[in-house]
Amino acid sequence: MAKYSIVVPFHNEEENVTALYARLKQVMEQVGESFEMVLVEDGSSDRTYKLLEEIAAVDSRVLVVKLRRNFGQTSALAAGFDHATGEFILAMDGDLQHDPNEIPNFLEKLEEGYDVVSGWRRERVDNVLMRRIPSRCANWLMARLSGVEIHDFGTTFKAYRREVIQNIPLYGEMHRFIPALASWYGASICEIPIRNANRERGKSHYGIGRTFSVFFDLLTIRFLLRYMGRLHFFGGFGALGMLAGSIISTVLLGLKLEHPHQSVMDLHGPMFVIGAVLIVAGIQLLAIGLLGELQVRHFHTSQQRTPYTVDRIVRLASTEEQSLLSDRD
C-alpha cells in the first residue's frame, strides 16, 4: 500500500494531462516515499482518457478510474478517494493551476499531525468581477456559517488523512465543504498559502452559475452541522405550533360555550383561521421531523450508494504483482 495518494479529476484536459503527470512524478519521486496517482476521467469528450490510458500502461503507480459519464468534480473526487489506498491523500485540479512543487508543504503539515491541510489562494489571478468577488463573499459566508476559520474553501488543493476523508459523504458541490464536515467529526485543520497560476492551456469549466448551487449546498451544510443527529428541530417547532393553535382553539371554544348564540367566525374569524393553520402546520413539521429522524437512522445504518458509476479501471501490474502471476503460472 502506498503512503501517499494523489487524486486528480480530469474533464476535457487533454492539453494538460501529460505535463501534469510529468510534474507530479518528478515531485513525488523527490519526496522519497511510496506513492500512487489516482487519475479520474470524468466523462471527457476529448482525448483525455486515451492519454491517461497510455500513462497507466507504462507506470504501475498510476491508477486510472474512468467514469461512465460526466458526474461533476465532487463525484470524481469521491471516486478517487474511494479507490485511493494511501495513508495520506492529496487532491488537486488537473488544469495545472495547482503547482505540484507545493505538495511537500502539504505533506509536511500532515506529518505534523493535522488531519486536513487546506490550500489558500492568497493572491488570486482570476477575473475580479466574475471570480474573485463572488469567491470572497462565498468564503466569508462559509467561514461564518460553518465555524471553520479558513480563507479559501473553494480550492481543490487539499490534503487529508485517509481515516478522515473516508468518513465524509460527498455529493453536489460538497467537496468545497470538506473542512467544515471534517470539523464536525473533530478533525484538526490548518491552512497554507498556495500560488494561484493562470490556466495556460485548455478551457475553464467554472462559471458564475456554479455560485447558486454552492449557495444551496452551503445552506445544507449549515443545517447538517447544526442539527445532524438531532432533527427534533422540526419537531420542536411543530410542537410549539400545535400548542399555540390548541390554546387559541381552546379559548375560542370557551367563548362559544359562554356565548352559544354568538357566531365565533363573525367575531373572531382571523383568530379561528390562525389557530387552525398553526395546528395543521405543527402536525406537518412534526411529521417532517419524524421523517428526518428516520432518514438519519438510515444514513448511519445502511451502506451509502456512490454518487458515480465506474466504467473501467486501468492499472499496470507492479513488478511484485507480475512476479506473483508468473509463479502461479
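The values are calculated or read from the model by the stated rules, or taken from the named source; none is laboratory data. Please read all numbers here as calculations on a predicted model, not as lab measurements. Neighbour counts are summed over all protein chains in view; Cβ atoms, including those assigned to glycine, are modelled from backbone coordinates with ideal geometry. Surface areas here come from the heavy atoms of the whole protein model, side chains and all, with no ligands, DNA or RNA. Shrake-Rupley method; radii C 1.70, N 1.55, O 1.52, S 1.80 Å.
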- prompt: Counting only residues that are surrounded by 19 or more Cβ atoms within 10 Å (Cβ to Cβ) and among the acidic types (Asp, Glu), how many does region 67-98 have?
  reply: 2
task: Would you please name the residue that is surrounded by the most Cβ atoms within 10 Å (Cβ to Cβ), looking only at residues in region 107-124 that are in contact with a Pro (Cβ under 9 Å, 6 or more places away or on another chain) and farther than 16 Å from Asp93 by Cα?
output: Val116
- line: Taking region 166-188 and keeping only residues that are outside any loop (DSSP other than H, G, I, E, B), of a type outside the set (Gly, Ala, Ser) and either open to solvent by 40 Å² or more (accessible area, probe 1.4 Å) or in contact with a strand residue (DSSP E or B) (Cβ under 9 Å, 6 or more places away or on another chain) (or both), one is left with His175, Ile178, Pro179, Trp184
- request: Please work out which residue is modelled with the highest pLDDT, limiting yourself to region 256-275 and to residues that are loosely packed, with under 14 Cβ neighbours inside 10 Å and assigned to a helix (DSSP H, G or I).
  value: Val273
- prompt: What do you reckon, is Glu191 surrounded by 16 or more Cβ atoms within 10 Å (Cβ to Cβ), at pLDDT 65 or above and out of contact with any helix residue (DSSP H, G or I) (no Cβ under 8 Å at 6 or more places or on another chain)?
  reply: yes
- request: Check off (1) touching a strand residue (DSSP E or B) at 6+ places or on another chain (Cβ under 8 Å); (2) within 22 Å of Met174 (Cβ to Cβ) for Thr85 and give me the number that stays unchecked.
  value: (2)
- prompt: Out of curiosity, is Tyr206 modelled with pLDDT under 85, touching a Phe, Trp or Tyr at 6+ places or on another chain (Cβ under 7 Å) and open to solvent by less than 80 Å² (accessible area, probe 1.4 Å)?
  reply: no
field: Failed item, numbered, when Leu52 is tested on (1) surrounded by fewer than 20 Cβ atoms within 10 Å (Cβ to Cβ); (2) in contact (Cβ under 8 Å) with a residue 60 or more places away in the chain
entry: (1)
- prompt: Out of (1) surrounded by fewer than 20 Cβ atoms within 10 Å (Cβ to Cβ); (2) out of contact with any Ser or Thr (no Cβ under 9 Å at 6 or more places or on another chain); (3) at pLDDT 95 or above, the odd one out for Val64 is which?
  reply: (1)
query: Picking from Ala19, Ala57, which residue would you name as being of a type in the set (A, V, I, L, M), surrounded by fewer than 22 Cβ atoms within 10 Å (Cβ to Cβ), touching a residue at least 40 places away in the same chain (Cβ under 8 Å) and farther than 18 Å from Gln97 by Cα?
result: Ala57
- line: Reported set for region 5-34 where residues are touching a Ser or Thr at 6+ places or on another chain (Cβ under 7 Å) and closer than 17 Å to Thr85 by Cα is Ser5
query: Does Asn101 count as surrounded by fewer than 17 Cβ atoms within 10 Å (Cβ to Cβ), touching a residue at least 12 places away in the same chain (Cβ under 8 Å) and within 12 Å of Lys158 (Cα to Cα)?
result: no
